[in-house]
Amino acid sequence: MEKVFVYQQKEYDPAGIREVAREIIDGSGVSPKGKSVFVKPSFVYPSHSPATVGVVTQPPFVRGVVQALLDLGARKVMVGEDSVLGPSRAAFYAMGIYPYIHDIATPIYFDEERHKMVDVPNPVIQGSFVVPAIWPEADLFVSLPKIKVNQFAKVTLSVKNNLGFQRQGPRVHNHNDGTLQEKIADLYRVRPPDLVLADSIVAGEGQGPMLARPYELGVMVGGANGVAVDAVACRLMGFDPFEIDHLCYLEDAGIGPLSDRDIEVVGEKVSDFAHDFDRPSTQLVGIHPNLRVFQGSERCCTNGCRGMVRCALDAWLENNAPLREMNIIVGKGVGDLPKKLPRARTLVVGDCAVEHASRGHFIRGCPPRPMRTAMTLASFQTPLIVTPSRYRDLASTHQPDSGISKAEHVFNQWMIPNPMLYRDIGKGYVAGYGWKAAKFFRPVF
């Protein structure tokens, strides 16, 4: 019988989070005393905008958990994460995490760490992974996922959080129908967390992961078995954990239970806080009058090219931004195409559609990297020059209490409409590539 703890916590108050985290750690039987603790939050689409509170693990949550670990005797705490936007430091700057951890934890940037190959015995689909060595070698591994829905894996919880240990190239390998759920299960077994403390104070529903809408669950969920924690989190979200394939693979392997009969919930009743989360869509056909989609009938992966394209389009669809006319060819078995399909307004996505590569701008990959898909799609939608009328349209959505100027808001929305602050991401690029340059050019005596 695995214990999962569900305690009420309505605010991102580090002191309150610290107290609840201590209760969960004590109750789980995990002792950080004298150990070097590695903590991994989820900064997958990093931003400290209020609009993304349901997308990423919040900095006050990280601080409260780190303080609890130190209270209970941790010798050292490290907070590590990567970025899908470039150097790992970009995620830390974009999250605004430094003021919350500078005095209590050491930041770990995955792209600056030594990596190693780790084998997984009896894999479902992938038997080895290249990961930051600090992950499997740490004394104690604590996972801090954000509870949210996911267009590719249905949910993002502690098991899915481990996908962040891979850089963009390896991450998209096996990111297709029939392989993604299996890969997630295999990667989890590289090093299951010793402790999970899930940020579900505000969770994410709708078009997650990138544009999940905030939903206030008002609880913290945790325990020593990640599969059991994820099973309870699923029920809080209105999902049956048995519909999540990567969890089923892990239960079959004996890693953790999914059934209520095998899980003791300590604290609040799940039914008192459960909410049927809006689930994400990967539909492409018929979603916008200015969008013509030619979709393969033989293969068009929800977990691959189709999902990547929809995830990129959501930046416009979810923000009610103008979408210019364009054509998208995706998948295998598209069939006959119109003869007069304007090449300059046509995007061909993924290796399955390679036979139509000459009909438009072709993005190679199986699937293509998500940021490449997003930036290519943006190039179809965004004029290089911002006209006065375009400036006025973008400026009209500026919120005076957002903390940024109207001009910066326009710049943020110019390429891809999203709540990320490019000045913070830019700092991460300067710091990340500056560090690499300094390392390359340092004198050797």
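The values are calculated or read from the model by the stated rules, or taken from the named source; none is laboratory data. Owing to the predicted nature of the structure, the values given are computational and were not obtained by experimental measurement. All Cβ positions, glycine included, derive from the backbone under ideal geometry; neighbour counts span all protein chains shown.
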Task: Tally, over segment 132-161, of residues that are closer than 16 Å to Arg189 by Cα and in contact (Cβ under 8 Å) with a residue 60 or more places away in the chain - done: 12
- [ ] Only residues that are under 16 Å from the mean Cα position of the chain (by Cα), of a type in the set (S, T, N, Q) and more than 24 Å from Gly64 (Cα to Cα): list them for segment 152-201, please.
- [x] Gln166, Gln168, Gln181
Open item on the list: Tell me whether segment 261-269 contains one or more residues that are buried (at least 20 other Cβ atoms within 10 Å of the Cβ) and not in a strand (DSSP E or B).
Closed with: no
Task: Top-ranked residue of segment 89-115 - restricted to ones that are assigned to a loop (DSSP other than H, G, I, E, B) and either of a type in the set (D, E, K, R) or touching a strand residue (DSSP E or B) at 6+ places or on another chain (Cβ under 6 Å) (or both), ranked as farthest from His173 (Cα to Cα) - done: Asp103
TODO: Return yes or no: is Val39 at pLDDT 95 or above, hydrophobic (A, V, I, L, M, F, W, C) and under 25 Å from Phe92 (Cα atoms)?
DONE: yes
Task: Test for Arg345: is it over 17 Å from Gly286 (Cα atoms) and charged (D, E, K, R) - done: yes
Open item on the list: List the strands (runs of 3 or more DSSP E) inside segment 116-199, counting only whole elements, that have at least 3 residues being touching a Phe, Trp or Tyr at 6+ places or on another chain (Cβ under 9 Å) and of a type in the set (A, V, I, L, M).
Closed with: 140-144
Task: Every residue from segment 81-117 that is surrounded by 24 or more Cβ atoms within 10 Å (Cβ to Cβ) and either of a type outside the set (D, E, K, R) or at pLDDT 95 or above (or both) - done: Glu81, Ser83, Pro87, Ser88, Ala90, Ala91, Phe92, Tyr93, Ala94, Met95, Ile97, Ala105
Open item on the list: Exactly one of these conditions fails for Phe273: (1) surrounded by fewer than 18 Cβ atoms within 10 Å (Cβ to Cβ); (2) over 21 Å from Lys146 (Cβ atoms); (3) among the hydrophobic types (A, V, I, L, M, F, W, C); (4) at pLDDT 95 or above. Give me its number.
Closed with: (2)
Task: Answer residue from segment 72-113, given it is charged (D, E, K, R) and in contact with a helix residue (DSSP H, G or I) (Cβ under 6 Å, 6 or more places away or on another chain) and is nearest to Ala15 (Cα to Cα) among those - done: Glu81
